[in-house]
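Chemist: Just passing along the structure, written as structure tokens.
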Amino acid sequence: MEKTFAIIKPDAVERNLIGKILERIESNGFKIAAMKKAQLTPAIAKGFYYVHKERPFFGSLTESMCSGPVVLLVLEKENAIPAWRELMGATNPEDAAAGTIRKDFAVNIEKNSTHGSDSAENAAFEMSYFFSETEILS
Ligand code: CMP
């Protein structure tokens, strides 16, 4: 079993999409190993997305992530990292496949409703950024 880290972003929380997104997660065979609602601060968002700090969209991305509450998740499944990325769809909803979360719910590339770790190394960092080991229940 592999674990990955996911966020339901402010744009989706604001539009009452938490339940619909969790339903897709569970019906696609993921176990929710940890979950909490949180309001990110600019410092927390910048630390989380530090790999993108040189990108032109860093300021607006981190601002957008603080625009309202998020839902933080640890998801568990075989090959959870690629499986969650596949279920989300491409980063830009315009490129996302039919039936994916981003195709169905995202507003644009920044307000793209969900986040998912892109590697085992980043998943480990991202899970530990928001959850202690005792909060992750396999
Ligand atoms: P996420 O999976 O959270 O990882 C980094 C985020 O940066 C990504 O989703 C997008 O929301 C955002 N992002 C990536 N590329 C761009 C871009 N070209 N313009 C604006 N935001 C972007």
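Chemist: Nearest 20 debye, what's the magnitude of the dipole of the range 39-137 about its Cα centre given +1 on Lys and Arg Cβ and -1 on Asp and Glu Cβ? Could you put the intermediate results ahead of the total?
Modeler: Numbers: 8 positive and 14 negative charges, 57 e Å.
Taking the Cα centre of the range 39-137 as origin, the dipole is about 280 debye.
Chemist: Next question. What number comes out for the charge environment of Asn112, summing +1 per Lys or Arg and -1 per Asp or Glu over other residues with Cβ under 11 Å away? Don't skip to the end; give the middle numbers.
Modeler: Details: positive: Lys9, Arg102, Lys103, Lys111; negative: Asp11, Glu94, Asp95, Glu110.
The answer is 0.
Chemist: Can you list which of the trypsin sites (Lys or Arg not before Pro) found in the range 1-90 are DSSP loop residues with at most 15 other C-beta atoms within 10 Å?
Modeler: Numbers: sites: Lys3, Arg15, Lys20, Arg24, Lys31, Lys36, Lys37, Lys46, Lys53, Lys77, Arg85; in loops: Arg15, Lys53.
The qualifying sites are Arg15, Lys53.
Chemist: As an exercise, take the mean of 1/r over every pair of distinct alpha carbons in the range 7-53, invert it, and state the Kirkwood radius in angstroms.
Modeler: On the way: mean 1/r = 0.0802 Å⁻¹.
Over the range 7-53, the inverse of the mean reciprocal pair distance is 12.5 Å.
Chemist: Here's something else I'd like to know. State, as an integer percentage, the relative contact order of the chain based on alpha-carbon contacts under 8 Å between residues 6 or more apart.
Modeler: Numbers: 235 pairs, mean separation 51.6, N = 138.
The value is 37 percent.
Chemist: List the longest stretch of the chain that has no exposed loop site; here a site is one of the GluC sites (Glu not before Pro) assigned by DSSP to anything other than H, G, I, E or B, with at most 12 other Cβ within 10 Å. Mind dumping the intermediate values first?
Modeler: Details: sites that count: Glu54, Glu78.
Of all site-free stretches, the longest is 79-138.
Chemist: Hey, another quick one. Net charge near Ala12: determine it from the other residues with C-beta under 15 Å of the C-beta of Ala12, scoring Lys and Arg +1 and Asp and Glu -1. Can you show the working numbers first?
Modeler: Values: positive: Lys9, Arg15, Lys20, Arg24, Lys37, Arg102, Lys103, Lys111; negative: Asp11, Glu14, Glu23, Asp104, Glu110.
Net charge around Ala12: +3.
Chemist: For the chain, just run the numbers: alpha carbon Rg, then divide by 2.2 N^0.38 Å, N being how many residues it has.
Modeler: On the way: Rg = 13.8 Å, N = 138, 2.2 N^0.38 = 14.3 Å.
The value comes to 0.96.
Chemist: At R0 = 25 Å, how high is the FRET efficiency between Glu133 and Asn108 if r is their beta carbon distance? Nearest 0.05 is fine. Could you put the intermediate results ahead of the total?
Modeler: Details: r = 36 Å, r/R0 = 1.42.
For R0 = 25 Å, the calculated efficiency reads 0.10.
Every read-out reported here was derived from the displayed coordinates using simple, explicitly stated rules and does not represent laboratory data. Not measured: the values here are computed from a predicted model. Note: ideal-geometry Cβ built from the backbone for every residue, glycine included; neighbour counts use all protein chains shown.
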